[in-house]
Amino acid sequence: MTTTGTDRPTRPERIDQIIPTIVEHDAVSNHTFEAQRLLREMGFASEIYAGVIGPGCDGRVRPLAELPSFADGRQWVLFQ
């Protein structure tokens with residue numbers, strides 16, 4: 001995590017989520033979509049990445065292999 005001149009952590013630019021499997025209308029999947037909506041509303045870039053993308057999630061979820069990695073603290077990752 002990067003810090004400011006006062007050694008306080010800086011706010012990340014993005015908070016992405018990883019979920020093993022995502023399907024439309026599943027409770028954990030719905031929670032993941034809602035968390036993404038709230039994160040974006042708060043001004044963060046936010047994408048969802050999954051190992052298995054079920055029906056109804058095309059265009060809303062990216063394959064896990066596409067998850068970018070930033071070593072400078074700009075990105076936080078949540079595992080659902």
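A few notes on this one:
- Inter-site label distance for R74 and A45 at 7 Å from Cα along Cβ, in nm: 0.6 nm
- For R40, the accessible surface of its heavy atoms amounts to roughly 120 Å² (probe 1.4 Å, protein chains only, rounded to the nearest 10).
- Label of the coordinate-derived value, P(r) over Cα pairs in 10 Å bins from 0, in percent, listed as (i) 14, 35, 25, 15, 8, 3, 0; (ii) 21, 58, 19, 1; (iii) 18, 47, 25, 8, 2: (iii)
- Using alpha-carbon coordinates, inclination of helix 27-41 to the longest axis of the chain, degrees: 40 degrees
- Additional length obtainable on full extension of the chain from L67 to V52, 0.36 nm per residue less Cα span: 4.0 nm
The values are calculated or read from the model by the stated rules, or taken from the named source; none is laboratory data. Being a predicted model, the structure only gives us computed values, none of them experimental. Using ideal geometry, Cβ is built from the backbone for each residue, glycine included, and neighbour counts are taken over all protein chains shown. What goes into the accessible areas is simple: the full protein's heavy atoms, side chains included, and nothing from ligands, DNA or RNA. Shrake-Rupley method; radii C 1.70, N 1.55, O 1.52, S 1.80 Å.
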